[in-house]
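Read through the structure below, which is laid out as structure tokens, and then see the notes.
The values are calculated or read from the model by the stated rules, or taken from the named source; none is laboratory data. Computed from a predicted structure; not experimentally measured. Cβ placement follows ideal geometry from the backbone for every residue including glycine, while neighbour counts extend to all protein chains displayed.
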Amino acid sequence: MKKIFPIILAGILLNAAACKKDSAFLDVQPTSILTNQQAFSDPAQVLSILADLYNRQQDFSGLDNGWASFADFSESFPSENGSASIVQRNEWGFKEWETWDYGYIRDLNLFIERATEANTLAETDKKRFLAEARFLRANYYFEMVKRMGGVPLILQSLRYDFSGDPTYLQYPRAKESEIYDFVISEAEAIKNDLPVNPNEKSRATKGAALAMESRAALYAGSIARYGVNTPQVSLPGLEVSIPASMANGYYTKALNAAKEIISGSAGAYALYKNKPDLGENFASIFLDKGNNPESIWVEDYKLRSGRVNGFTVSTQPRYGAEEEEGGRINPSLNLVQSFEKLDNSFAPIPHTDGSGNPVYYNNLSDIFAGRDARLYGTVILPGSSFKGRPVDIWAGYQLADGSIVTGDDRGAQKTLPGQSGPVQVVGFDGPVSAKEFTAQTGFYLRKYVDPTPGAGSRGTNSEIPFIRYRYAEVMLNAAEAAFELGQADEAAGYMNQVRARAGLTIPLTATDISFDRIVHERRVELAFEGHILFDKKRWRIAHLVWDGNKMTAADLLSNIGSATKRSTQPFGLWPYRLHNPGNANHGKWSFRIVLPVTVTGANRFRLGNYYSFIDDNIRANNPKIVRQPNQ
Amino acid sequence: MKIKSKTGIMKLQTQYIIMLATIATMMSCRKDNYDEPGVLLQGHIVYKGEPIQVEYNQVPFELYQHGFGKTGPINAVFAQDGSYSVLLFSGEYRFIIPNGQGPFKWKQTAAGAPDTTIVALNGSQELDIEVMPYYMIRNPRFSKTGGNIAGSFTIEKIITDASARDIESVSLYLNKTQFVSGADNVALKTMNGSDITDPNNVNLSVAVPTLNPAQSYVFARIGLKIAGVEDRIFSPVMKIDL
């Protein structure tokens, strides 16, 4: 009997506790997943969601997506044996450069929808977050339209109803101009919701929105204007190509957006002029994180945070490198010779005199003297230094009879005629034919290569940022747009500022400004920043510059400065030291033009390359997607 | 409980493995494997029965077969001599040449899409595809004089209506291998279309460069670039002894 009491008690307790409704009892909030309202309640939390979206932006060249993204297009030679295909293939595949990340677009749309619904977020925070997400979305659509032409413009998250019929989710491609219009109108719509703060580099600002707008409008304008030169590169529905009548409208928008930045209304951006040596100054634009009025929007890195880049490990000069590698990007003579002389004229690097005899120089670097300071800032030349230490680039000794003594390894030693002991006969940085990591064109890359101690070691890496938009490009956008609108005077004004920073102090006049000048200025100012492909595409000259014909040295040296000059193979310039005791030139340097032996292909840009291939799977899933022309 | 000895486990595992292998051998390689495609479709791309010579790996065609879920092309390219061959299964295929490919006109639908040729395959078949080239290179003759290779030929304009196109240039190519084109050559000589005075007698000559490693022959070919068309039309490849 005594046992009955606890049983009754247990029964009462059970009843009392169990009388909740099932729905109330089972509805427990998970402790490891946040609801949308919770996730969008705290600004720090929203920022961390946004950080992921920032991270997923796509760059053509990026410090974290492989050195090879900088190396193509005959502007450089890839000094890594595994990447020889870059100079051995004869053409680019139609799939190359494609992007179709609608998963990212969906996440951006979801972010915008959820942040709009968030009711505990302060209004100012909300405005900024929304503007940032819209900026990222517009910038990615810009990236897509550059590569694919018109794409489906999806501005809300799509949901499948599991009815078995997904056709209502199939959107056709928008017109190419509609995507550009979207990018431009988004920039206008959000610019005033973004902070005016030139010191904010890694998050979107008013400056970034305007820089995006100016570049996008410029691209659209030039496709409209120069598309007439390639009538085959078009589709009847205008998913590809923009009518010529729209050119001036776009150029005007490009000019106005650029002017808004230049006028200072988006913050005090300016050309970087912090160092007295103009070449060093140019190199520092890409290295100086702390005090840089030039960069507008960057992809940033930070040491010891896990977010670092190994670009310097891949590209540092091999001799004295912090790892047993480096030197992968060897800028080509094609690019090096296109840097102007200080009198604004184009000329080959003077390795021979008028009658074809070699010119002898006392110092290795003398041959490059008197040129655009951007040459020094972009390229590590023979005889120049990196990290305060001279690079050792020279190809060998030239004897009295013209024969060459050189070695097949870095810093190899041999005995010269008339000497008793072996001496070094080739530089520790090469060039040695087909020896990876040596300077096989005679040059190394300087732009974006970080001289900070440790930056070249795999365990540390580098924290220099990749600049996505910078002030000098905005100036060049303004110059090009003004030129195309018939305001050559104004164009000269913008260009002269950028050129003066590079030591080209003789101003160009309105009559000097030509299409070729515009093309040239962007090539040398923005080399290795991921512009060349898209610039050549939008001007519709890619199929002329990369026409698949092999080059001779004579080809290389002619028509420097012409926009349509062929550049299908990367050439090099190798220094040799004369060994001819008793000769006045004994011990001096001469130079020879070489085509690196591994260069067997010639770049051919086919008309089908203007817009990247849309995968068969995408078109099979959505029959409304029309295919690209000429593929 | 007694713990099994190590060797006992090993023995057991070996038995299982042998058993599994036996089952796998007996069960597989039958029902779940399809026969490989065995029906050969081959032929040439022709104009009035004469093969059209094109650049290696540059002129593609596509075959579609509907009725199996997703639709995607079977991609292939024409060889230099205009020939093609694909191994398929029997069935009905649609054959197209994508827009903007080839030195010829491919029929189009009213909407501007490439029109299809329907190929009903029921066993191996030879099928020549008839197209309209803009030009044909007739009577190519090559000769060696001193260190030069000279080529002479006649140009016949095939399309003369409103869609006719001009000749942009003609080129004589030499190569060490039988693949001869703008992308693969050791020497070339180009003449602009505007410099051609008599299309019935065009002459080009190019010096044979030093071949490394040396060989006693070269392959020569003439290519014609049509204004506004990317792919060139060629003459047949000729082997010339030096």
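B:His66 satisfies every condition listed in (1) within 14 Å of another protein chain (Cβ to nearest Cβ); (2) surrounded by 17 or more Cβ atoms within 10 Å (Cβ to Cβ); (3) farther than 30 Å from B:Gly223 by Cα; (4) not aromatic (Phe, Trp, Tyr) except (2).
In the range A:622-631, how many residues are within 10 Å of chain B (Cβ to nearest Cβ) and in contact (Cβ under 8 Å) with a residue 60 or more places away in the chain?
Pass one, the range A:622-631, residues within 10 Å of chain B (Cβ to nearest Cβ): A:623, A:626-631.
In the following step, the residues that additionally are in contact (Cβ under 8 Å) with a residue 60 or more places away in the chain were identified as A:623, A:626, A:628-631.
Residues flagged as within 10 Å of chain B (Cβ to nearest Cβ) and in contact (Cβ under 8 Å) with a residue 60 or more places away in the chain within the range A:622-631 amount to 6.
Restricting attention to the range B:38-46, does a residue exist that is closer than 13 Å to B:Phe104 by Cα and in contact (Cβ under 8 Å) with a residue 24 or more places away in the chain?
Going residue by residue through the range B:38-46, those that are closer than 13 Å to B:Phe104 by Cα are B:45-46.
The next check asks that each one be in contact (Cβ under 8 Å) with a residue 24 or more places away in the chain; those that pass are B:45-46.
Scanning the range B:38-46 turns up at least one residue that is closer than 13 Å to B:Phe104 by Cα and in contact (Cβ under 8 Å) with a residue 24 or more places away in the chain.
Please enumerate the residues belonging to the range A:333-347 that are assigned to a loop (DSSP other than H, G, I, E, B) and closer than 16 Å to A:Pro570 by Cα. Can you show your working first?
Step one: filter the range A:333-347 for residues assigned to a loop (DSSP other than H, G, I, E, B), giving A:337-340, A:342-347.
Within the range A:333-347, A:Gln337, A:Ser338, A:Phe339 meet the criteria.
Would you tally the residues in the range A:521-552 being more than 14 Å from every other protein chain (Cβ to nearest Cβ) and either in contact with a His (Cβ under 9 Å, 6 or more places away or on another chain) or closer than 25 Å to A:Ala68 by Cβ (or both)? Can you show your working first?
Within the range A:521-552, the subset more than 14 Å from every other protein chain (Cβ to nearest Cβ) is A:521-539, A:541, A:545.
Checking the rest, the ones that are also either in contact with a His (Cβ under 9 Å, 6 or more places away or on another chain) or closer than 25 Å to A:Ala68 by Cβ (or both) come to A:522-539, A:541, A:545.
Matching residues across the range A:521-552 total 20.
Of all residues in the range A:556-580, how many are of a type in the set (A, V, I, L, M) and within 12 Å of chain B (Cβ to nearest Cβ)? Steps first, please.
From the range A:556-580, those of a type in the set (A, V, I, L, M) are A:556-557, A:560, A:563, A:573, A:578; that's our starting set.
Imposing the further condition that a residue be within 12 Å of chain B (Cβ to nearest Cβ) reduces the set to none.
Of the residues in that region, 0 qualify.
The residues of the range A:102-135 that are under 16 Å from A:Pro195 (Cα atoms) and of a type in the set (D, E, K, R), listed by number, are A:Glu123, A:Asp125, A:Lys126, A:Lys127, A:Arg128, A:Glu132, A:Arg134. Provide a single number: the residues in the range A:120-136 that are touching a Phe, Trp or Tyr at 6+ places or on another chain (Cβ under 9 Å) and not hydrophobic (A, V, I, L, M, F, W, C). The number of residues fulfilling the criteria is 3.
I'd like the residue in the range A:205-232 that is in a loop (DSSP other than H, G, I, E, B) and touching a Leu at 6+ places or on another chain (Cβ under 6 Å) and, out of all such residues, is modelled with the highest pLDDT.
Of the range A:205-232, the ones in a loop (DSSP other than H, G, I, E, B) are A:205, A:230-232.
From what is left, the residues that are touching a Leu at 6+ places or on another chain (Cβ under 6 Å) are A:205, A:232.
On the way: A:Thr205: 95, A:Gln232: 89.
Among those residues, the one meeting the criterion is A:Thr205.
When the range A:581-614 is filtered for residues that are of a type outside the set (Lys, Arg), within 24 Å of A:Met144 (Cβ to Cβ) and at the interface with chain B (Cβ under 9 Å from one of its Cβ atoms), the ones remaining, listed by number, are A:Leu607, A:Gly608. When B:Asp195 is tested against (1) among the charged types (D, E, K, R); (2) within 13 Å of chain A (Cβ to nearest Cβ); (3) closer than 27 Å to A:Thr230 by Cα, exactly one condition is not met: (2). A:Asn248 meets all of the listed conditions (1) closer than 21 Å to A:Ile296 by Cβ; (2) surrounded by fewer than 24 Cβ atoms within 10 Å (Cβ to Cβ) but one, namely (1). With the condition kept exactly as written, say whether any residue in the range A:424-443 is farther than 23 Å from A:Phe73 by Cβ, without any contact (Cβ under 8 Å) to a residue 24 or more places away in the chain and either assigned by TED's automatic domain parsing to the domain that holds A:Thr600 or not in a helix (DSSP H, G or I) (or both). Among the residues of the range A:424-443, at least one is farther than 23 Å from A:Phe73 by Cβ, without any contact (Cβ under 8 Å) to a residue 24 or more places away in the chain and either assigned by TED's automatic domain parsing to the domain that holds A:Thr600 or not in a helix (DSSP H, G or I) (or both), which makes the answer yes.
Please pick out the residue among A:Ile464, A:Ile506 that is aliphatic (A, V, I, L, M) and within 24 Å of the chain's Cα centre (by Cα).
Working: A:Ile506 fails: within 24 Å of the chain's Cα centre (by Cα).
Being aliphatic (A, V, I, L, M) and within 24 Å of the chain's Cα centre (by Cα) holds for just one of A:Ile464, A:Ile506, which is A:Ile464.
Here's the yes/no breakdown for (1) under 18 Å from A:Ala373 (Cα atoms); (2) at pLDDT below 95; (3) in contact with a strand residue (DSSP E or B) (Cβ under 9 Å, 6 or more places away or on another chain):
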position	(1), (2), (3)
A:Val474	no, no, yes
A:Ala478	no, no, no
A:Ala481	no, no, no
A:Leu485	no, no, no
A:Gly503	yes, yes, yes
A:Thr509	no, yes, no
A:Asp512	no, yes, no
A:Gly530	no, yes, yes
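If you filter the range A:153-199 down to residues that are surrounded by 19 or more Cβ atoms within 10 Å (Cβ to Cβ) and part of a loop (DSSP other than H, G, I, E, B), you find that the one that is nearest to the chain's Cα centre (by Cα) is A:Pro198.
Taking residues in the range A:580-600 that are outside any loop (DSSP other than H, G, I, E, B), and partners anywhere that are acidic (Asp, Glu), the pairs with Cβ atoms closer than 9 Å and at least 6 places apart or on different chains are A:Trp589/A:Asp366.
Quick one: is A:Ser295 among the hydroxyl-bearing types (Ser, Thr, Tyr) and surrounded by fewer than 16 Cβ atoms within 10 Å (Cβ to Cβ)? Judged against the criteria, A:Ser295 is not a match. Of all the numbered requirements in (1) modelled with pLDDT under 90; (2) touching a Lys or Arg at 6+ places or on another chain (Cβ under 9 Å); (3) of a type in the set (Gly, Ala, Ser), B:Ala214 misses one, and that requirement is (2). A:Pro198 passes every criterion in (1) closer than 30 Å to A:Asn291 by Cα; (2) at pLDDT 95 or above; (3) touching a Phe, Trp or Tyr at 6+ places or on another chain (Cβ under 6 Å) apart from (2).
When you check A:Ile393 against the structure, is it assigned to a strand (DSSP E or B) and on the phi < 0 side of the Ramachandran plot, yes or no? Against the criterion (assigned to a strand (DSSP E or B) and on the phi < 0 side of the Ramachandran plot), A:Ile393 does not qualify. Considering only residues in the range B:166-187 that are farther than 14 Å from B:Phe142 by Cβ, at the interface with chain A (Cβ under 10 Å from one of its Cβ atoms) and without any contact (Cβ under 8 Å) to a residue 60 or more places away in the chain, the one that is surrounded by the fewest Cβ atoms within 10 Å (Cβ to Cβ) turns out to be B:Val186.
Condition test on A:Glu324, is it more than 30 Å from A:Pro348 (Cβ to Cβ), touching a residue at least 24 places away in the same chain (Cβ under 8 Å), in contact with a Lys or Arg (Cβ under 9 Å, 6 or more places away or on another chain) and of a type outside the set (A, V, I, L, M)?
On the way: more than 30 Å from A:Pro348 (Cβ to Cβ): yes; touching a residue at least 24 places away in the same chain (Cβ under 8 Å): no; in contact with a Lys or Arg (Cβ under 9 Å, 6 or more places away or on another chain): yes; of a type outside the set (A, V, I, L, M): yes.
The answer is no for A:Glu324.
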